[in-house]
Amino acid sequence: MLVDGKWTENWQPVQATDAKGGFVRQTSSFRSWVTPDGSAGPTGEAGFTAEAGRYHLYVALICPWASRTLIARKLKGLEEVVSLSVVEPELGDQGWRFAVPDPVTGATYMHEIYSKADPHVNGRATVPVLWDKKTGRLVNNESAEILRIFNTGFGDLASGPDLYPAPLRARIDALNSRIYPRLNNGVYRAGFATTQAAYEEAFRDVFAELDLLEEELAAGGPWLTGESFTEADIRLFVTLVRFDAAYHGLFKTNLRRIADYPALSAYLARTLALPGVRETVNIDHIKRGYYSIKRLNPVGIVPVGPALPWLSPEA
């Protein structure tokens, strides 16, 4: 963990719990936006103008929050506009590590980039991170905001579908506010719970949401809002695609698999068929990464399975 900008203790997945022993997620601390004219976004400071080659994205392929941004970068045609670094999948004592020193900052560990951005920063060094190469500043480390930055912040430099269209925003916001606490974060609330009561509460939330989503997609679709693929679908997909490989066993959310839900399984296959999405999914990284968390898997054995019918063997 970082304390006043210095690495002081081994990486831990849980920094805080609530009164019931439930997992409390760290709040993102860098919240500026890239905009076409450099004006301030909904949060943070002004001055981050959209420019090709100026910004760099740091991700881990195991991480669903980082994968949100990676998918948006693909779908919005920003691969030649925003450069990319991928950290190693395993979480070691110093958190995320680069296979070779980061070509942008020279860092070996992600926490060094945080200390470079703020010499007095505290907490975990998370991904994703959107970095400004021009000024050497960390723009944003909140995945939900980076997703929207990629959707509109780069103006004419981006292409592809509008992932947050005005007519659907109320519906998207309602879906996000329901799916995030119950499922996206619900699996973490179950996996990192420190009491039986907190675990069982999270477990119930996870499967109540999966059951509801199965009903909704079976009755409608093809996407959560109907005919339009939106950011709500990205946010759901990144959890679903990790569920059977990691959350079902390691996080003890084992009542049912996604493979047991016909509509959700078909939804996963449809999403993976979108151009570029499959390239963002690396099941080897996902399994190696999650099963490297010593708190949950002290001996570090990575399971061979499970079979994932919606993915080809090489994924």
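The values are calculated or read from the model by the stated rules, or taken from the named source; none is laboratory data. Please read all numbers here as calculations on a predicted model, not as lab measurements. We place every Cβ from the backbone using ideal geometry, glycine too, and count neighbours over all the protein chains shown. These accessible areas exclude ligands, DNA and RNA; they are computed on the full protein's heavy atoms, side chains included. Shrake-Rupley method; radii C 1.70, N 1.55, O 1.52, S 1.80 Å.
Which condition number does residue 89 fail, the rest of (1) part of a loop (DSSP other than H, G, I, E, B); (2) open to solvent by 10 Å² or more (accessible area, probe 1.4 Å); (3) closer than 26 Å to residue 247 by Cβ; (4) touching an Asp or Glu at 6+ places or on another chain (Cβ under 8 Å) being met?
The number of the failed condition is (2).
Could you say whether any residue in region 108-115 is open to solvent by 10 Å² or more (accessible area, probe 1.4 Å), in a strand (DSSP E or B), of a type in the set (Ser, Thr, Tyr) and in contact with a Phe, Trp or Tyr (Cβ under 9 Å, 6 or more places away or on another chain)?
Yes, region 108-115 contains a residue that is open to solvent by 10 Å² or more (accessible area, probe 1.4 Å), in a strand (DSSP E or B), of a type in the set (Ser, Thr, Tyr) and in contact with a Phe, Trp or Tyr (Cβ under 9 Å, 6 or more places away or on another chain).
Please go through (1) in a helix (DSSP H, G or I); (2) at pLDDT below 95 for residue 235 and return the number of the only condition it doesn't satisfy.
(2)
Among 221, 226, which is the only one that is at pLDDT below 95 and under 27 Å from residue 171 (Cα atoms)?
Selected residue: 221, the only one of 221, 226 that is at pLDDT below 95 and under 27 Å from residue 171 (Cα atoms).
Are any residues in region 170-184 open to solvent by 10 Å² or more (accessible area, probe 1.4 Å) and closer than 17 Å to residue 221 by Cα, and if so, which ones?
Residues satisfying the conditions are 171, 174, 176.
Here are some residues: 69, 126, 105. Which one is more than 20 Å from the chain's Cα centre (by Cα) and of a type in the set (Ser, Thr, Tyr)?
From the options 69, 126, 105, the qualifying one is 105.
Based on what the data block shows, is residue 72 within 22 Å of residue 185 (Cβ to Cβ), touching a Leu at 6+ places or on another chain (Cβ under 6 Å) and in a helix (DSSP H, G or I)?
yes
Scan the helices (runs of 4 or more DSSP H) fully inside region 167-223 and keep the ones with 2 or more residues being free of Cβ contacts under 8 Å to residues at least 12 places away in the same chain and farther than 12 Å from residue 253 by Cα.
169-179, 196-219
Can you pull out the residues in region 161-184 that are more than 20 Å from residue 205 (Cα to Cα) and under 17 Å from the mean Cα position of the chain (by Cα)?
Within region 161-184, 163 is the sole residue that qualifies.
Would you confirm whether or not region 146-154 contains a residue that is at positive phi and assigned to a helix (DSSP H, G or I)?
No, there is no match, as no residue in region 146-154 is at positive phi and assigned to a helix (DSSP H, G or I).
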